[in-house]
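The structure appears below as structure tokens.
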Amino acid sequence: MRNPFEYALIRAVPRVERGEQINVGVILYCQARDFLSARTHIDERRLRALSADVDVEQVAAALSGWDLTCAGGEHGGPAAAMRLGERFRWLTAPRSTLIQPGPVHTGLTSDPAADLDRLSILLVH
């Protein structure tokens, strides 16, 4: 059985004032499967092409925060108390920071983890 899911790209914007960005991850939420997860990948060469002095460790730390928020638990911070859908909405809310979500898209899935991997390969790697 296929269930609806929502996903958004996770983008690094090393110089917010310029608005240039690269995809560094995908976040996927499927309510019916009780699934929320992100897959991230930093292509340092491409990131430095946008800003030679970007702090790659800071980007990686920010992405780690997304992973922890998705996972919840004791290391998920204040968002850990939120339901999965609330966490997804909180993470995908527009912001003007180093790491930004893209627009939310939808699809149908019978395996959210496999679709997250597929989208990550297609849109990030």
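Residues in the range 75-111 that are assigned to a loop (DSSP other than H, G, I, E, B) and not hydrophobic (A, V, I, L, M, F, W, C): how many?
Applying the first criterion (assigned to a loop (DSSP other than H, G, I, E, B)) to the range 75-111 yields 76, 82-83, 92-98, 110-111.
Still in the list and also not hydrophobic (A, V, I, L, M, F, W, C): 76, 83, 92, 94-97, 110-111.
Of the residues in that region, 9 qualify.
Tell me, please, whether a residue that is over 17 Å from His125 (Cβ atoms), more than 12 Å from the chain's Cα centre (by Cα), in contact (Cβ under 8 Å) with a residue 24 or more places away in the chain and assigned to a loop (DSSP other than H, G, I, E, B) can be found in the range 33-48.
Looking through the range 33-48, at least one residue is over 17 Å from His125 (Cβ atoms), more than 12 Å from the chain's Cα centre (by Cα), in contact (Cβ under 8 Å) with a residue 24 or more places away in the chain and assigned to a loop (DSSP other than H, G, I, E, B).
Would the range 42-53 turn up any residue that is surrounded by fewer than 21 Cβ atoms within 10 Å (Cβ to Cβ) and closer than 25 Å to Pro112 by Cβ? Step through it out loud before you land on a result.
Taking the range 42-53 as the starting set, the residues that turn out to be surrounded by fewer than 21 Cβ atoms within 10 Å (Cβ to Cβ) are 42-53.
Restricting the remaining residues to those that are closer than 25 Å to Pro112 by Cβ gives 42-43.
Yes, that holds for at least one residue.
Small (Gly, Ala, Ser), surrounded by 14 or more Cβ atoms within 10 Å (Cβ to Cβ) and at pLDDT 95 or above: does that describe Gly102?
Values: small (Gly, Ala, Ser): yes; surrounded by 14 or more Cβ atoms within 10 Å (Cβ to Cβ): yes; at pLDDT 95 or above: yes.
It is true that Gly102 is small (Gly, Ala, Ser), surrounded by 14 or more Cβ atoms within 10 Å (Cβ to Cβ) and at pLDDT 95 or above.
Restricting to the range 73-99, and then to whatever is touching a residue at least 24 places away in the same chain (Cβ under 8 Å) and crowded, with 17+ Cβ neighbours inside 10 Å, can you tell me which residue is nearest to His41 (Cα to Cα)?
As a first pass, look at the range 73-99 and keep what is touching a residue at least 24 places away in the same chain (Cβ under 8 Å): 84-85, 87-88, 91-92, 96-99.
Still in the list and also crowded, with 17+ Cβ neighbours inside 10 Å: 84, 87-88, 91-92, 98-99.
Working: Leu84: 22, Arg87: 21, Phe88: 19, Leu91: 17, Thr92: 18, Leu98: 15, Ile99: 13 Å.
Here the residue is Ile99.
Would you point out which residue out of Ala52, Ala114 is part of a loop (DSSP other than H, G, I, E, B) and without any contact (Cβ under 8 Å) to a residue 40 or more places away in the chain? Quick ask: steps written out before the conclusion?
Working: Ala114 fails: part of a loop (DSSP other than H, G, I, E, B).
After ruling out the rest, the residue left standing is Ala52.
Pick from Ser51, Ser110, Ser120, Ser37: which is at pLDDT 95 or above and under 22 Å from Val13 (Cβ atoms)? Walk me through it before giving the result.
Numbers: Ser51 fails: at pLDDT 95 or above; Ser110 fails: under 22 Å from Val13 (Cβ atoms); Ser37 fails: under 22 Å from Val13 (Cβ atoms).
So the residue among Ser51, Ser110, Ser120, Ser37 that is at pLDDT 95 or above and under 22 Å from Val13 (Cβ atoms) is Ser120.
Of the conditions (1) assigned to a helix (DSSP H, G or I); (2) among the hydrophobic types (A, V, I, L, M, F, W, C); (3) crowded, with 16+ Cβ neighbours inside 10 Å, Ala60 satisfies every one except a single condition; which number is it?
All conditions pass for Ala60, except number (3).
May I ask you to list the residues in the range 16-32 that are assigned to a loop (DSSP other than H, G, I, E, B) and touching a helix residue (DSSP H, G or I) at 6+ places or on another chain (Cβ under 7 Å)? Before the answer, list the steps.
Of the range 16-32, the ones assigned to a loop (DSSP other than H, G, I, E, B) are 16-21, 31-32.
Result: Glu20, Gln31.
Being more than 18 Å from Arg33 (Cα to Cα), among the hydrophobic types (A, V, I, L, M, F, W, C) and touching a helix residue (DSSP H, G or I) at 6+ places or on another chain (Cβ under 6 Å) is the requirement here; does Leu68 meet it? Write out each step before concluding.
Values: more than 18 Å from Arg33 (Cα to Cα): yes; among the hydrophobic types (A, V, I, L, M, F, W, C): yes; touching a helix residue (DSSP H, G or I) at 6+ places or on another chain (Cβ under 6 Å): yes.
Criteria met by Leu68.
Please verify whether the range 65-74 includes one or more residues that are charged (D, E, K, R) and under 17 Å from Gly25 (Cβ atoms).
First, pick out the residues of the range 65-74 that are charged (D, E, K, R): 67, 74.
Retained after the next criterion (residues that are under 17 Å from Gly25 (Cβ atoms)): 67.
There is at least one residue in the range 65-74 that is charged (D, E, K, R) and under 17 Å from Gly25 (Cβ atoms).
The values are calculated or read from the model by the stated rules, or taken from the named source; none is laboratory data. Fair warning: this is a prediction, and the values are worked out from it, not measured in the lab. Quick reminder, even Gly has a Cβ in these numbers, built from the backbone with ideal geometry, and neighbours come from all protein chains shown.
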